[in-house]
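The values are calculated or read from the model by the stated rules, or taken from the named source; none is laboratory data. The model shown is predicted, which means the values in this text are computed figures rather than measured ones. Cβ atoms come from the backbone with ideal geometry, glycine included; neighbour counts cover every protein chain shown.
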Amino acid sequence: MVSQKQLAIAKCIPIFFETYADSEREQIVSMMLENLHRNDKPSLALYSSMCLCELSRNSLLKSSRLNADIRESLLRVISGSTDDSLKRTSASALGVTVAKDPEGMRALFSIIAHQVENRYLHLCAVKEAIIATEGRSRLFDSEVLELLISLNEAPLENRASDTVEAAQKTSDSSSGEDSIRAVLADCTGRICVMDPDLVFPYLDKALASPASQLRAFAAASLRCVAEISQGDADNVDRFLQERMPSLLKLLSDSSINVLFSALICLNIYIRSKWYMLAEYRSSIFNALRDGVSVKQHLIRTVNLGPFKYTEDDGLPLRKTSFECLISLVKFRIVPATSEDTVPIFKEGLRDHADVRTLAHLYLDSLIRKGYISLIVPCISDIVEAFNERLNEKPKPNAVRQEEQQRTDAIRSIIRSSQLLNNVPEISLHPDFISYLQTMLKNPEHSALYTAISSEN
């Protein structure tokens, strides 16, 4: 809360700063730089970094000497501070400061190339610099791209479960390899939107690379391009359309990390470039039908001394595949026949709790959009899966979280059951009638059914 208030005030600083003479401005910046290193007052240091960022963003720091002093001070904070918030804010300020300073940008890339420590924060500074250039790509050339790609050349472990959070969230100043890869892809994607002719040849090489880490990087970069270019579609749509076959090929890649990156990229394509997908519908559903199935070879046992637990490396893939299916329904892109939906529901409704929830959402989406013909042939499998879950006995020593998960699962089943019951073709199906009658005989389920009906 304090930092939000500080940021709101910092955004006002440029207005007052413009009223001062040049000599007074230098004194103000010098004071901010001193405060930046006040370890005894971390909130003041944080506020100073915010103010410097806003002054640079508004192009109010004209002196090259002053910009160099600011750059060096921010780099010292990033390398020496123990305050993560201050380091992240300083990285943002550094990026905005060097955005209009070719010499500073070159110095930053040199640090990234030769210094592993704080590489993530330095790359975050590059990302801020790209954003601050507002479409001017003169600071980013083939040498920069080669550096970004070279940082992706270290091998990846063949496991998607370790990279899920990193691919979606890159805000921790102590982030490791996976988050560095994520911000590298983000930077490459942003440069690509500015200059597609420069970047896409590099992405084509990465897409066809025998190195899985480069194929994953290319898919992640395409995801960023599709996401960032929504307001400037004409500039890059042609390039993205031409890469669709290469992206679809990655949906059957042997590397879990590549496959996971490709699925996330596909989901963004669906949400922002859905109009590109019509001719590839069959290939997409073949890949997603395979994506929601449990792969036994991806389930392993982890030994921790006397303790053992099971790690399902395929779980993120199945969840992301269902998320793609749900996104497709929104734009009325659905399987041509029920042959695709039967295995999807048969497996998804019996899977891990997270996957079951997504399978229910997919079922609900199809019902609400009126795709009843895709559901009727699956109804026997659906009610069988519902019955299995409803008849499952609660654990005798279940903790509160497990009890809540069980309640949520039952509510999800009953909510889907109500939607199904509103469809004449389904409500009159013998298997569904038998299932509903049995379910309502249970007092707990009947009470939930009534409560959910009232909510609706």
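Numbers below:
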item: Residue count for region 321-344, restricted to those that are touching a residue at least 60 places away in the same chain (Cβ under 8 Å) and not in a helix (DSSP H, G or I); result: 2
item: Of the criteria (1) at pLDDT 90 or above; (2) buried (at least 18 other Cβ atoms within 10 Å of the Cβ), which one L448 fails; result: (1)
item: N67 being of a type outside the set (A, V, I, L, M, F, W, C), in contact with a Pro (Cβ under 8 Å, 6 or more places away or on another chain) and not assigned by TED's automatic domain parsing to the domain that holds G189; result: no
item: Odd one out for L44 among (1) assigned to a helix (DSSP H, G or I); (2) surrounded by fewer than 13 Cβ atoms within 10 Å (Cβ to Cβ); result: (2)
item: K11 vs. criteria assigned by TED's automatic domain parsing to the domain that holds D84, surrounded by fewer than 13 Cβ atoms within 10 Å (Cβ to Cβ) and not hydrophobic (A, V, I, L, M, F, W, C); result: no
item: Any hit, region 314-333, residues being out of contact with any Lys or Arg (no Cβ under 7 Å at 6 or more places or on another chain), modelled with pLDDT of 95 or more and of a type in the set (S, T, N, Q); result: yes
item: Residue in region 118-139 that is modelled with pLDDT of 90 or more, out of contact with any Phe, Trp or Tyr (no Cβ under 6 Å at 6 or more places or on another chain), of a type outside the set (A, V, I, L, M) and not in a helix (DSSP H, G or I) present; result: yes
item: Count of region 387-410 residues which are within 28 Å of the chain's Cα centre (by Cα) and surrounded by fewer than 10 Cβ atoms within 10 Å (Cβ to Cβ); result: 1
item: Counted residues, region 76-128 - those being at positive phi and touching a Pro at 6+ places or on another chain (Cβ under 6 Å); result: 0
item: Close pairs (8 angstrom Cβ cut-off, 6 or more residues apart or separate chains): within 17 Å of L448 (Cβ to Cβ) and touching a residue at least 24 places away in the same chain (Cβ under 8 Å) in region 414-430, surrounded by fewer than 17 Cβ atoms within 10 Å (Cβ to Cβ) and small (G, A, S) anywhere; result: Q418/S453; L420/S427
item: Subset of region 368-414 (residues that are farther than 13 Å from R350 by Cα, out of contact with any Leu (no Cβ under 7 Å at 6 or more places or on another chain), of a type in the set (A, V, I, L, M, F, W, C) and in a helix (DSSP H, G or I)); result: I372, V376, C378, I379
item: Those helices (runs of 4 or more DSSP H) lying entirely in region 200-265 with at least 3 residues crowded, with 19+ Cβ neighbours inside 10 Å and of a type outside the set (F, W, Y); result: 212-228, 244-250
item: Among (1) in contact (Cβ under 8 Å) with a residue 24 or more places away in the chain; (2) touching a strand residue (DSSP E or B) at 6+ places or on another chain (Cβ under 7 Å), the one test that I299 misses; result: (1)
item: Residues of region 324-345 satisfying the condition of being surrounded by 19 or more Cβ atoms within 10 Å (Cβ to Cβ) and either charged (D, E, K, R) or in contact with a His (Cβ under 7 Å, 6 or more places away or on another chain) (or both); result: none
item: Residue that is nearest to A93 (Cα to Cα), among those in region 12-55 that are of a type in the set (S, T, Y) and at pLDDT 85 or above; result: S49
item: Members of region 431-445 found to be touching a residue at least 24 places away in the same chain (Cβ under 8 Å) and surrounded by 13 or more Cβ atoms within 10 Å (Cβ to Cβ), listed by number; result: D431, F432, Y435, T438, M439, N442, H445
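Okay, residues lined up against (1) touching a residue at least 60 places away in the same chain (Cβ under 8 Å); (2) in contact with an Asp or Glu (Cβ under 8 Å, 6 or more places away or on another chain); (3) of a type outside the set (S, T, Y):
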site	(1), (2), (3)
R25	no, no, yes
D40	no, no, yes
M50	no, no, yes
L55	no, no, yes
S59	no, no, no
L75	no, no, yes
S85	yes, no, no
V98	no, no, yes
M105	no, no, yes
